[in-house]
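These notes concern the structure reproduced below.
The values are calculated or read from the model by the stated rules, or taken from the named source; none is laboratory data. Bear in mind that the values here come from a model prediction, so they are computed numbers and not experimental data. Cβ sites come from the backbone with ideal geometry, for glycine too, and all protein chains shown count toward neighbours.
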Amino acid sequence: MSPASRSMLRRWVLLLAILAIRAHPAVAAEPETPPRQGAAMLKTDLLGVFAHPDDETGMAATLARYALGSGKSVAHVYATRGEGGGNMVGTQSGRALGILREAELRACLRILGVRHCYFLDQTDFFYTESAAATLRVWNRAEALAHLVRLIRTLRPEIIVTMNPAPNPGQHGHHQAAGILATEAFGAAADPTRFPDQLHVEGLGTWQARKLFYGGAAGSHVTTIATTDPLPDGRVPADIAGLALSEHRSQAFGGMARSPWMRRPQAFTLVHSAAPPVPAGDDLFLGLPIPENSGNPPLIAVAPEPPEPSLTFVPRPAIERYQRWAQAQGIRHLSAEFLADLPVVAGEPNAVVLQLSPSISGTRVEVPVVELPSGWNLHGPVERVRPPGNAAPRFRFSVIPPTDASQDAEITARLGQIPAAPAKARLHPVPLLKVPRTRVDPEFPWDNALWTGVPTQVLGARNLWQGRVTDTNDASAEIRVVRSGNVLLIDTLVHDDVVVSNIEPNDIRGHWRSDSIEICLDPDAGAEDTLGCFKIGIFPFDTSGKVRAARDADARPGPIEETAPGLRLQSQRTPDGYRIQAAIPLELVVGSRRPRPGMRLGFNVLVYDGDKADAAPGENINEARLAWSPRSGIQGRPEDWGRMELE
C-alpha cells in the first residue's frame, strides 16, 4: 500500500470513530469514592486499651470477628511496649526488647485486622500486683491526657479494656490500664478536662457509647462466640491463635493450635450512653447513635447498691479500689468484692470493722462475729473512737489454726440493725521462727549446722500454678538460720528432670527454667515489692555454675552487681539439686540492726520444668510451688509468710 493510501485509510478510521461516538453517547462513569481523610479516616468502631503487647490475648478472637467479619474499624492503645518482660527467643532486654515486642505486636494485629496501634509510652517494669505502685512509676497525668487525646481523635463507639479490680493474680499494670481507660471514658466527653486539646489541637469532646471490661464481673455480661465462621469461612478463634503466635518472645509460638482460643469470650458492661437493650451476643447492640446527637448522657447500667451498715476494713489495695469505683460511678462492680485480709497462722491478728457514716450517730451495740470451725477470737470486740468525724470502728483479734492453709470466711452482724452481714476472706500465711547460731557462715556448711532446725516442706498443697505428678516431680525442703547479720537459707529441691538451659549471658527471667526464688520483705506485709529483696537463682547455667539475679524489686539485675556480699552454692543430688544462700541482712533491712523478734516477710518459690531437650533460653515452666502459695504471689508481699528472728 502506498503512503497516500495509508494516509487515506487513517482518515476513514478516524471519521468512523467520531461518527460512532456521536451515535452512541458514552455512559457517564461512576464517580470514584474519594478516599477517607482526616477525621473520617480515623473514625473507629472499637478501641482496645491494654498495658503490654500480648494483652489482647483474652479478646483476640472477638477482635478478629468484628474487624474481619463485620468490617468494623478497630484500634488499640498500649500503655507500654513490654520492655520489662522476658524474652524466649533472644537476648534483647530493656528498650531493645521493646523494639522486638512492638514488631511482634504489629505482625499480630495485621492478622487480626486491627487498623491502628498507638502507645502511651509508659515504663514497663517488673511484675507487681499493685496498681498504686504502677501509677507512681508511670506518669499518670501524662498517660491519661494522651489517652483522652486518642479517644477524642479516634471517636470510638466502644472501648474494651482490662478489669482494674485487685484480684489475686491480676497484674498491677493491667489494673492501671483499666483505671486509665475508665477515667478517660468520662474525661474525653468533659470540656473542662484537657481543654488545650480542644482550643489548640482542634479536637472536640467525644463520649464513647459503651465501656466494657474483659471477663464476667457483673450482671451485664455479653458473651461472644469464637467459633462461628466468618463470611470467608475462617473461624475467629483460629485467626486469633495464628495472630497471637507472633508473640514468640513471650513463648506464644504454639498458640495457633491452642484449644483454649475456642472458648467463648465474656465482656462486662461498665458504662453506657446507648439506649438499654437486653444482654445478648453482640457488643454493638443498640449502636450506632447518630453523631449529630452530640455527646449523649450516660445511662445507669445497674442501680447503685445500698451503702452497707458494717464493713470489714480490707487491705489497702482493695480499700483504694472501692473508693475509686465509687468515684467513677461503678460501685455496683466493687460492692461484691470481698475484703481480703492476710492473717498469720497460729497467733492473734487484728481485724477492723467500720460502721457506715449514715448510722454513726446511732447507738450501736457490739457486732456479733462468726468464724469457721478451728478459728478463734482472741479477746473481746471493742469499739474504737476514731479522730475527727470519721465513722466509728470496732477492733478485735482472730487466731487461725497453726496449720491453716485454706482461706476462711468471717461474718459480722449488727443484731439491732436489719442489714446484710459484713463478710471478708481471711487468708492465712505461715510463720517461721528463725534460730540463731554462732557457726561461721562461710561455705561449705557442715550438716551439723542444721541439727534441730525446723524443716519447711513444700508439696502438692503448696502448688500455686501448673501441676505436679508427685513429690519426685517437684517438691522441696527449706531450712533457715541466722548467723550474726547473715541469713543462711538451705533449699533442697526434689526434681526428677533437672533442666539447665540458661546461658551465662542470659541471667534473667528465672521462671523460664528450673530455679528457686527467695523473697524477703523488710516491712513484713508491704503492698508492693519496691522495697523488697528478691532473687531468682538458677542451680546451674549451661556452663554448670550457679547464677542468680535480683528480680522485681528496686534494684534488679545480676547479683554480682546488685547484691554485694551475697554468696551461693549449688550441687546436684541423687533426686534433684540443693541451693544454699548466705544473704547479708543489710541487703534486706538496710541500716536497721537485726534483733530478736524482728519480723520480715518471707517466701521461697520453686519453678519446675521437665523438658530435657529445652533450647537455650526457652520457657519450659510447668509448675510453681511456694512456701506461702497464692496466685500471683511473686508480686504481692502481703501474702508472703512471716519470718521472725530469734
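Out of GLU382, GLU347, which single residue is among the acidic types (Asp, Glu) and either within 30 Å of ASN462 (Cβ to Cβ) or touching a Leu at 6+ places or on another chain (Cβ under 8 Å) (or both)?
GLU347
Which numbered condition trips up SER405, out of (1) outside the structural domain of PHE337 (by TED's automatic domain parsing); (2) within 26 Å of the chain's Cα centre (by Cα)?
Here SER405 meets the rest and fails (1).
Among the residues of the stretch 411-438, count how many are in contact with a Phe, Trp or Tyr (Cβ under 8 Å, 6 or more places away or on another chain) and either over 21 Å from ALA339 (Cα atoms) or of a type in the set (Ser, Thr, Tyr) (or both). Working first, answer last.
Residues of the stretch 411-438 that are in contact with a Phe, Trp or Tyr (Cβ under 8 Å, 6 or more places away or on another chain), as a first pass: 412, 422-424, 426, 429-430, 432.
In the following step, the residues that additionally are either over 21 Å from ALA339 (Cα atoms) or of a type in the set (Ser, Thr, Tyr) (or both) were identified as 432.
Within the stretch 411-438, residues that are in contact with a Phe, Trp or Tyr (Cβ under 8 Å, 6 or more places away or on another chain) and either over 21 Å from ALA339 (Cα atoms) or of a type in the set (Ser, Thr, Tyr) (or both) number 1.
Search the stretch 478-529 for residues being of a type in the set (D, E, K, R) and touching a Pro at 6+ places or on another chain (Cβ under 6 Å), and hand back the single one that is nearest to SER591 (Cα to Cα).
ASP521
Go through the stretch 417-490 and tell me which strands (runs of 3 or more DSSP E), entirely inside it, have 2 or more residues that are in contact (Cβ under 8 Å) with a residue 24 or more places away in the chain, polar (S, T, N, Q) and closer than 30 Å to GLU638 by Cβ.
It comes to 475-483.
In the list GLU477, GLU517, which residue meets the criterion of being surrounded by 21 or more Cβ atoms within 10 Å (Cβ to Cβ) and in the same structural domain as CYS532 (by TED's automatic domain parsing)? Talk me through it step by step, then tell me what you get.
Details: GLU477 fails: surrounded by 21 or more Cβ atoms within 10 Å (Cβ to Cβ).
Result: GLU517 is the single residue among GLU477, GLU517 that is surrounded by 21 or more Cβ atoms within 10 Å (Cβ to Cβ) and in the same structural domain as CYS532 (by TED's automatic domain parsing).
If you go through the stretch 456-471 one residue at a time, do you hit one that is modelled with pLDDT of 95 or more, buried (at least 23 other Cβ atoms within 10 Å of the Cβ) and either within 19 Å of PRO574 (Cα to Cα) or of a type in the set (Gly, Ala, Ser) (or both)?
yes
Going by what's in this entry, would VAL497 be described as at pLDDT 95 or above, aliphatic (A, V, I, L, M) and assigned to a loop (DSSP other than H, G, I, E, B)? First the steps, then the outcome.
Working: at pLDDT 95 or above: yes; aliphatic (A, V, I, L, M): yes; assigned to a loop (DSSP other than H, G, I, E, B): yes.
Spelling it out, VAL497 is indeed at pLDDT 95 or above, aliphatic (A, V, I, L, M) and assigned to a loop (DSSP other than H, G, I, E, B).
For GLY286, only one of the following conditions fails: (1) assigned to a helix (DSSP H, G or I); (2) buried (at least 16 other Cβ atoms within 10 Å of the Cβ); (3) modelled with pLDDT under 95. What is its number?
(1)
Would you mind finding the one in HIS146, HIS76, HIS52 that is in contact with a strand residue (DSSP E or B) (Cβ under 6 Å, 6 or more places away or on another chain) and in the same structural domain as ALA181 (by TED's automatic domain parsing)?
HIS76
What strands (runs of 3 or more DSSP E) lie completely within the stretch 311-416 and have 2 or more residues being surrounded by 18 or more Cβ atoms within 10 Å (Cβ to Cβ) and modelled with pLDDT of 95 or more? Talk me through it step by step, then tell me what you get.
Working: elements: 339-344, 349-355, 368-370, 376-384, 393-399, 408-413.
Hits in the stretch 311-416: 339-344, 349-355, 393-399, 408-413.
Taking helices (runs of 4 or more DSSP H) that fall entirely within the stretch 79-179, which contain at least 2 residues that are charged (D, E, K, R)? Even if it seems obvious, please write down each step before you answer.
Numbers: elements: 95-112, 131-137, 140-154.
It comes to 95-112, 140-154.
Can you pull out every residue in the stretch 561-585 that is under 18 Å from ILE507 (Cβ atoms) and buried (at least 16 other Cβ atoms within 10 Å of the Cβ)?
THR562, ALA563, LEU566, ARG567, LEU568, SER570, TYR577, ILE579, ALA581, ILE583
Which residues, counting only those in the stretch 8-61, are of a type outside the set (Gly, Ala, Ser), surrounded by 10 or more Cβ atoms within 10 Å (Cβ to Cβ), modelled with pLDDT of 90 or more and in a loop (DSSP other than H, G, I, E, B)?
Matches in the stretch 8-61: LYS43, THR44, ASP45, HIS52, PRO53, ASP54.
Considering every residue within the stretch 425-438, establish whether at least one is at pLDDT 95 or above, aliphatic (A, V, I, L, M), closer than 30 Å to PRO308 by Cα and within 33 Å of the chain's Cα centre (by Cα).
Checking the stretch 425-438: at least one residue is at pLDDT 95 or above, aliphatic (A, V, I, L, M), closer than 30 Å to PRO308 by Cα and within 33 Å of the chain's Cα centre (by Cα).
Kindly indicate whether GLY71 is at positive phi and surrounded by fewer than 24 Cβ atoms within 10 Å (Cβ to Cβ).
yes
Only one of (1) buried (at least 23 other Cβ atoms within 10 Å of the Cβ); (2) farther than 22 Å from GLY484 by Cβ is not met by GLY525, so which one is it?
(1)
For the stretch 538-555, what are the residues that are in contact with a helix residue (DSSP H, G or I) (Cβ under 7 Å, 6 or more places away or on another chain) and under 30 Å from ALA317 (Cα atoms)?
ALA549, ARG550, ASP551, ALA552, ARG555
Just checking, which of GLY509, GLY531, GLY544, GLY590 is within 26 Å of GLY169 (Cβ to Cβ) and surrounded by fewer than 19 Cβ atoms within 10 Å (Cβ to Cβ)? Full working, then the answer.
Values: GLY509 fails: surrounded by fewer than 19 Cβ atoms within 10 Å (Cβ to Cβ); GLY544 fails: within 26 Å of GLY169 (Cβ to Cβ); GLY590 fails: within 26 Å of GLY169 (Cβ to Cβ).
Only one candidate qualifies: GLY531.
Is it true that some residue in the stretch 294-305 is among the β-branched types (Val, Ile, Thr) and under 25 Å from the mean Cα position of the chain (by Cα)? I'd like the intermediate steps shown before the answer.
Keep residues of the stretch 294-305 that are among the β-branched types (Val, Ile, Thr), which gives 299, 301.
So of that shortlist, the ones also under 25 Å from the mean Cα position of the chain (by Cα) come out as none.
No.
Just a yes or no: is a residue in the stretch 119-128 among the β-branched types (Val, Ile, Thr), out of contact with any Ser or Thr (no Cβ under 6 Å at 6 or more places or on another chain) and within 13 Å of ALA177 (Cα to Cα)?
Checked against the condition, which is being among the β-branched types (Val, Ile, Thr), out of contact with any Ser or Thr (no Cβ under 6 Å at 6 or more places or on another chain) and within 13 Å of ALA177 (Cα to Cα), the stretch 119-128 yields at least one hit.
For the structure I just gave you, tell me whether ARG209 is in contact (Cβ under 8 Å) with a residue 24 or more places away in the chain, in the same structural domain as PRO288 (by TED's automatic domain parsing), charged (D, E, K, R) and closer than 20 Å to VAL49 by Cα.
Taking the combined requirement at face value, the residue satisfies it.
Only residues that are of a type in the set (Val, Ile, Thr) and not in a loop (DSSP other than H, G, I, E, B): list them for the stretch 214-266, please.
Within the stretch 214-266, the subset of a type in the set (Val, Ile, Thr) is 221-224, 226-227, 235, 239.
Hits for the stretch 214-266 are VAL221, THR222, THR223, ILE224, ILE239.
Among the candidates THR223, THR227, which residue alone is touching a helix residue (DSSP H, G or I) at 6+ places or on another chain (Cβ under 6 Å), of a type in the set (Ser, Thr, Tyr), at negative phi and free of Cβ contacts under 8 Å to residues at least 60 places away in the same chain? Spell out the reasoning first.
On the way: THR223 fails: touching a helix residue (DSSP H, G or I) at 6+ places or on another chain (Cβ under 6 Å).
Sole residue among the options that is touching a helix residue (DSSP H, G or I) at 6+ places or on another chain (Cβ under 6 Å), of a type in the set (Ser, Thr, Tyr), at negative phi and free of Cβ contacts under 8 Å to residues at least 60 places away in the same chain: THR227.
Of the residues GLU618, GLU644, which is part of a strand (DSSP E or B), surrounded by fewer than 20 Cβ atoms within 10 Å (Cβ to Cβ) and at negative phi?
GLU644
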